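To keep things clear, I will list the structure first and then write my remarks on it.
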Amino acid sequence: MPDSQPQQPHSAEPDATSGALLLCGARLVDGRTVDVRVGAGRIEAVGTAGSLSAHAARVDLSGFLLLPAAAEPHAHSDTALSALREGPVSYDAQDVQRRTTEAALLQLGHGATALRAHVRVGDVQGLGSLEAVLQARRSLRGLVDLSVVAVPRLLTGAAGADGLAMLRDAVRMGASVVGGCPDLDPDPTGYAEAVLDLAAEYGRPVDLHTDGGDPARLGRLAAMAGGLRPGVAVGPCGGLRRLPSDVAARAAEQLAAAGVTVVCLPQGGCGTLPGSAGTPPVRLLRAAGVRVAAGSGALRDVANPVGRGDPLEAAYLLASCGGLRPDEAYAAVSSAAREAMGLPPVRIEAGFPAELLAVRGDSLEGALSLAYSRVVVHRGRVVARTSAVREYCDSAAAVALGLPRQGRGA
């Protein structure tokens, strides 16, 4: 679809990114058209269109569907946007910080106001990439919330001692989540146990990469994770789809009983776990009571040179290929993703955080199908806008049939 002159939602003031906001004429998924007043980072009031007044910047959202903002539970910021670079990926601190910042802003423009970045520690990178991503997190404060997962390679045996020490250092530096990839360690169960023990010691959540294709290993992980707070997430678990349905169902029941979240990657895999692309049986998981969230995985790195990092595309794929209803698919990239990341819930009601995404369209189905123009609100202010204009040459047929046409503003 060609882009043309941007057509922004009308704001009564040149800058609608500070102070209180009045979002006017937005459509909700239940069909209502409302005004939403926002202040101090929270929703203050929701009323019928035209019923609210405020000394605030007004943003006209006529023709837009207003949704709780998306969240990104599985990004790889340290390698993002590196696919076109010749030679090996640079882990120079400035390069990592620049890539992380650019990737976060791209995903913010798509509608994700919170991101969880998985960052490798140890090996060639040491703790340099982690420090660069933490620096990017500080510079992005107020635009997007970025949490960091430390991902060591080995944690068991003689070779794993250094990895465990570095993982501990990473948590002390500011990594808010303990992660890793048990499948790549000679002792996957020992690796998972080391991660869970360290997470319990520091009171951190856990987010592990696993293919999920070994039901016995997945069952042991679920048994070890049961009861751990603040929580455990695993993904992308594409291997669950390769298992017989009864075996996959038993694994799903074990994950549900342990309160483990599965984060799938409908848009493709990630470089941490090569060959793991593929979406698990999300309907089976949900039927067993597993919380299923969806992330983006690789964003234009060698694992997926065309990765978009777009949560609405992930939701679209879950609806079109994964068998979920549109509302279930969007929940996977919004409410379920936020819950997996330990974030407070968002509803378009008074008192909830003002983390919002407006998408041009009049229904959730339409938004997932043609999610071009977007307005993103984070902590009560507009932080990103994307506008697209579709134009056709004059057509007597279109005029005669009264087909809708979106053109440039006056």
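Quick rundown of the values:
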quantity: Among (1) touching a His at 6+ places or on another chain (Cβ under 7 Å); (2) hydrophobic (A, V, I, L, M, F, W, C); (3) farther than 30 Å from T189 by Cα - the single one V36 does not satisfy; calculated: (1)
quantity: Count of segment 84-98 residues which are open to solvent by 30 Å² or more (accessible area, probe 1.4 Å) and either assigned to a loop (DSSP other than H, G, I, E, B) or within 12 Å of Q125 (Cβ to Cβ) (or both); calculated: 10
quantity: Among residues of segment 242-255, those that are assigned to a helix (DSSP H, G or I) and surrounded by 19 or more Cβ atoms within 10 Å (Cβ to Cβ), counted; calculated: 5
quantity: Helices (runs of 4 or more DSSP H) within segment 295-410 that include 1 or more residues open to solvent by 30 Å² or more (accessible area, probe 1.4 Å) and of a type in the set (A, V, I, L, M); calculated: 311-320, 396-401
quantity: Options A192, A175, A233; residue that is closer than 11 Å to L155 by Cα and either touching an Asp or Glu at 6+ places or on another chain (Cβ under 9 Å) or at pLDDT 95 or above (or both); calculated: A192
quantity: All positions within segment 105-145 that are within 25 Å of P353 (Cα to Cα) and among the polar types (S, T, N, Q); calculated: Q107, T113, S139
quantity: Members of segment 52-85 found to be closer than 15 Å to V38 by Cβ and free of Cβ contacts under 8 Å to residues at least 40 places away in the same chain, listed by number; calculated: L52, S53, A54, H55, A56
quantity: Residue match in segment 151-163 (condition: crowded, with 21+ Cβ neighbours inside 10 Å and within 25 Å of E313 (Cβ to Cβ)); calculated: yes
quantity: Any hit, segment 226-241, residues being among the basic types (K, R), open to solvent by 30 Å² or more (accessible area, probe 1.4 Å), over 26 Å from A114 (Cβ atoms) and part of a helix (DSSP H, G or I); calculated: yes
quantity: Some residue of segment 182-195 being more than 25 Å from A117 (Cβ to Cβ), open to solvent by less than 20 Å² (accessible area, probe 1.4 Å) and not charged (D, E, K, R); calculated: yes
quantity: Residue match in segment 155-171 (condition: in contact (Cβ under 8 Å) with a residue 12 or more places away in the chain and in a loop (DSSP other than H, G, I, E, B)); calculated: yes
quantity: In segment 202-225, residue farthest from D187 (Cα to Cα) [restricted to those that are of a type in the set (D, E) and open to solvent by 10 Å² or more (accessible area, probe 1.4 Å)]; calculated: D211
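The values are calculated or read from the model by the stated rules, or taken from the named source; none is laboratory data. What you see is a predicted model, and the numbers here were worked out from it, not measured in a lab. Positions of Cβ are generated from backbone atoms using ideal geometry, with glycine treated the same way; all protein chains shown enter the neighbour counts. Ligands, DNA and RNA are excluded from the accessible area calculation, which covers all protein heavy atoms including side chains. Shrake-Rupley method; radii C 1.70, N 1.55, O 1.52, S 1.80 Å.
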